[in-house]
Amino acid sequence: MEIILQTKKLNKQYGSIKAVNDLDFTIRKGEIFGILGPNGSGKTTTLGMALGVTLPQSGSFEWFEGKYGKNSRTKVGAILESPIFYPYMSALDNLKIVAKIKKQNYSDIDRVLKHVELYDRRKSPFKTFSLGMKQRLAIAAALIGNPEALILDEPTNGLDPQGIADIRELVLRTAAEGVTIILASHLLDEVQKVCSHVMILNKGNRLAIGKVDEILQEKNILEIKSENMTDLKNTISTFDDIRSIKEEDEKLLIELSPELSADIINKRLMKKGISLSHLFMKEKSLEKFFLEILKKENV
Amino acid sequence: MFRLLQIELIKALKFKAIWWLGLVYFAVMASILFGVEAFINKVVSDAGNNLPISIPSVSLYSLPDAWHNLTYLASFLKIFLAVISIILVTNEFNYKTVKQQILNGLSRQESFWSKVLLQLMIALFSTAIIAVLVLILGVLHTEELSLGVFLTKSSFLFAYFFEIFSYLSLAFLIATLVHRSGFAIGLLLLYGFVVEPIISYKLPLDYGDYLPISAIGNIIQLPNSQLMKIFGIEFQEYIALNDLLITSAWTILFYAIVYVYYQKKDF
Ligand SMILES: Nc1ncnc2c1ncn2[C@@H]1O[C@H](COP(=O)(O)OP(=O)(O)O)[C@@H](O)[C@H]1O
Ligand SMILES: [Mg+2]
């Protein structure tokens, strides 16, 4: 699969704060790649380095496997932290400047304005826009010149529920057109709803990276053991609320659906005449523990 | 380059305050240049009433001397141009658009060069206004017009352009380092009218002439009018290479600092 962005040991230090620490990751074409982490975990700094506004202390990164050379940045649309435009200029004039920077024709402007549903407001000064409209205009600007990748940093921050829904819908619609999306967010729920892949950051360190289904799924894993493992296995497989069964080190690892508990399983097995010699609810992994924190923060 | 020029033009021309500043600048400039001769002659003849000798009235407008006289006067208004430049440069920091344009794909070098082009445009704009005013006044007040009177001393026009461009380089440097327009304008004035004169006063001999504001001001020196000749005072009536060199050195230094800033800054 074609690589969109790859970093190698990126580092950024602010005074005594290690904002980004030896960060490696690879983003491939077609992914909606979420960078998930609490405030201050280094998401913006990471994107800032990849986009050239923040200079890394060490490490490197490469866009599109280097195939566009120095022009690679004009193939990336980006919004960092908040929409930035000249407040005194109309949406249209602002986009003209963006088009000039990206060496694109003005004719592309109408297309992106329509894409974000701001065409009718194109002549209004930027400063008269609501936050949601500003955010959409920023996405329009980022889409000028048909970029291969779109970077969004906390794009729903401060928006009302309607604004949030609009932006998420817009992101999915844009991704459906084949644009690779890189989305930084501190909202677990947002990443789960929108992204296909995720990297979890905490204090500049990568905690996990992979497919959203695999990394963010809530798993209840129970470790069990009995004298007669074959019997145990056969019995367990008759319970249809068990999601998966795996044998490991002479133990069974079974994944429970959320409403089940170790206690219920034990009672059921006793009824069937199976007594357990070992019963252990697997500890939450570091990532899961961290996700719990994230979830609590956002309630 | 043309692309960067277009970008800077859109930003500047859509900013209303720039039109007002430009208009006021033009109005003040035109009234000073059109009114100055009558004003000086009035002052001189009032003062001359009590003198035994009669003082000839001055003519500032006759070519080729008009090039020197009027560019000298016009250069006093360069602070207006610095204000325009400072506002447009600090805007980029206040609005954070300097960061966004890099996000949009402009390189750090292009960011820098586009602002150098802006200084060039402001200097050219002012030079063009002076050129037109000098030509109008000159044609109206010169007895014998020939190609010669237009060309002789027209080097002052180039010198004027250079003086403005150099002065703007200092304004650009200050604006880039402090980011706030009011503060930057204040610093520029403070340096020019207080700090540099004090340093200059403390320095031995005429080393003060090497300081930037003095060097820039020395390019076009006080014209040598008939009035001054009566008192036997002689002034530099040409553009001295030395002054150009000192000023060039400062200008290059100022731009170099800004260049490094644009390369190294975390936006
Ligand atoms: N310009 C800066 N100067 C000093 N510290 C900074 C700067 N930018 C970011 N930081 C610090 O770096 C860390 C990561 O910040 P950031 O990348 O903005 O996190 P996030 O986007 O995940 O909220 C934080 O501790 C933040 O305080
Ligand atoms: Mg951030």
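The values are calculated or read from the model by the stated rules, or taken from the named source; none is laboratory data. Nothing here was measured: the structure is a model prediction, and the numbers come from that model. Reconstructed Cβ throughout: ideal geometry from the backbone, glycine too, with neighbour counts over all protein chains shown. These accessible areas exclude ligands, DNA and RNA; they are computed on the full protein's heavy atoms, side chains included. Shrake-Rupley method; radii C 1.70, N 1.55, O 1.52, S 1.80 Å.
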Query - Condition met for A:Ile97 (over 19 Å from A:Val171 (Cα atoms), buried (at least 22 other Cβ atoms within 10 Å of the Cβ), at pLDDT 95 or above and away from ligand 2 (no atom under 16 Å from the Cβ)) - result: yes
Query - Residues (more than 7 Å from chain A (Cβ to nearest Cβ) and either in contact with a Leu (Cβ under 6 Å, 6 or more places away or on another chain) or part of a helix (DSSP H, G or I) (or both)) located in the range B:93-109 - result: B:Phe93, B:Asn94, B:Val98, B:Arg108, B:Gln109
Query raised in the report: Taking the range A:57-84 on its own, how many of its residues are within 7 Å of chain B (Cβ to nearest Cβ), open to solvent by 10 Å² or more (accessible area, probe 1.4 Å) and not hydroxyl-bearing (Ser, Thr, Tyr)?
Result: 2
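When the residues of the range A:138-160 are filtered to those that are within 16 Å of ligand 2 (Cβ to nearest atom) and of a type outside the set (A, V, I, L, M, F, W, C), which remaining residue is farthest from the other protein chains (Cβ to nearest Cβ)?
Among those that are within 16 Å of ligand 2 (Cβ to nearest atom) and of a type outside the set (A, V, I, L, M, F, W, C), it is A:Thr156.
Take the residues in the range A:44-54 that are within 11 Å of ligand 1 (Cβ to nearest atom) and open to solvent by 10 Å² or more (accessible area, probe 1.4 Å), then tell me which one is nearest to the other protein chains (Cβ to nearest Cβ). Break it down stepwise before answering.
Here is the first cut: in the range A:44-54, the ones within 11 Å of ligand 1 (Cβ to nearest atom) are A:44-49, A:53-54.
Filter once more, so that each one left must be open to solvent by 10 Å² or more (accessible area, probe 1.4 Å): A:44-45, A:54.
Working: A:Thr44: 12, A:Thr45: 9, A:Thr54: 5 Å.
So the residue we want is A:Thr54.
Yes or no: the range A:176-197 includes at least one residue that is of a type in the set (Val, Ile, Thr), within 16 Å of ligand 1 (Cβ to nearest atom) and over 23 Å from A:Tyr86 (Cα atoms).
Yes, the range A:176-197 contains a residue that is of a type in the set (Val, Ile, Thr), within 16 Å of ligand 1 (Cβ to nearest atom) and over 23 Å from A:Tyr86 (Cα atoms).
For the range A:199-214, indicate whether the set of residues that are in a helix (DSSP H, G or I) and crowded, with 19+ Cβ neighbours inside 10 Å is non-empty.
Kept after step one, since they are in a helix (DSSP H, G or I), are these residues of the range A:199-214: A:212-214.
If we keep only those that are crowded, with 19+ Cβ neighbours inside 10 Å too, we end up with A:212.
Checking the range A:199-214: at least one residue is in a helix (DSSP H, G or I) and crowded, with 19+ Cβ neighbours inside 10 Å.
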Query raised in the report: Of (1) within 14 Å of another protein chain (Cβ to nearest Cβ); (2) touching a residue at least 24 places away in the same chain (Cβ under 8 Å), B:Ala123 satisfies all except one. Which?
Result: (1)
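For A:Gly34, are the conditions met, namely being within 14 Å of chain B (Cβ to nearest Cβ) and buried (at least 23 other Cβ atoms within 10 Å of the Cβ)? Outline the logic, then answer.
Working: within 14 Å of chain B (Cβ to nearest Cβ): no; buried (at least 23 other Cβ atoms within 10 Å of the Cβ): yes.
So A:Gly34 does not fit the description; no.
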Requested in this report: Report yes if some residue within the range B:168-186 is closer than 26 Å to B:Leu245 by Cβ and surrounded by fewer than 18 Cβ atoms within 10 Å (Cβ to Cβ); otherwise report no.
Outcome: yes
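Yes/no matrix, rows are residues, columns are (1) open to solvent by 10 Å² or more (accessible area, probe 1.4 Å); (2) free of Cβ contacts under 8 Å to residues at least 40 places away in the same chain:
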{"residue": "A:Lys102", "(1), (2)": "no, no"}
{"residue": "A:Val116", "(1), (2)": "no, no"}
{"residue": "A:Ser124", "(1), (2)": "yes, yes"}
{"residue": "A:Ala138", "(1), (2)": "no, no"}
{"residue": "A:Ile151", "(1), (2)": "no, no"}
{"residue": "A:Glu154", "(1), (2)": "yes, no"}
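Kindly indicate the residue of the range A:55-97 that is among the aromatic types (Phe, Trp, Tyr) and under 30 Å from B:Leu13 (Cβ atoms) and also farthest from ligand 1 (Cβ to nearest atom) among those meeting that condition. Explain how you work it out, then say what you get.
Keep residues of the range A:55-97 that are among the aromatic types (Phe, Trp, Tyr), which gives A:61, A:63-64, A:68, A:85-86, A:88.
Those still in the list that are under 30 Å from B:Leu13 (Cβ atoms) too: A:85-86, A:88.
On the way: A:Phe85: 21, A:Tyr86: 23, A:Tyr88: 27 Å.
For the range A:55-97, the residue satisfying everything is A:Tyr88.
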Requested in this report: Please list, ordered by first then second residue, the pairs with beta carbon atoms under 6 Å, 6 or more apart or interchain, first in the range B:61-81 and buried (at least 24 other Cβ atoms within 10 Å of the Cβ), second outside any helix (DSSP H, G or I).
Outcome: B:Leu63/B:Thr142; B:Trp67/B:Lys153; B:Trp67/B:Ser154; B:His68/B:Lys153; B:His68/B:Pro223; B:Asn69/B:Leu60; B:Asn69/B:Pro223; B:Thr71/B:Ile220
Query raised in the report: Within the range A:161-175, can you find the residues that are more than 16 Å from the chain's Cα centre (by Cα) and aliphatic (A, V, I, L, M)?
Result: A:Ala165
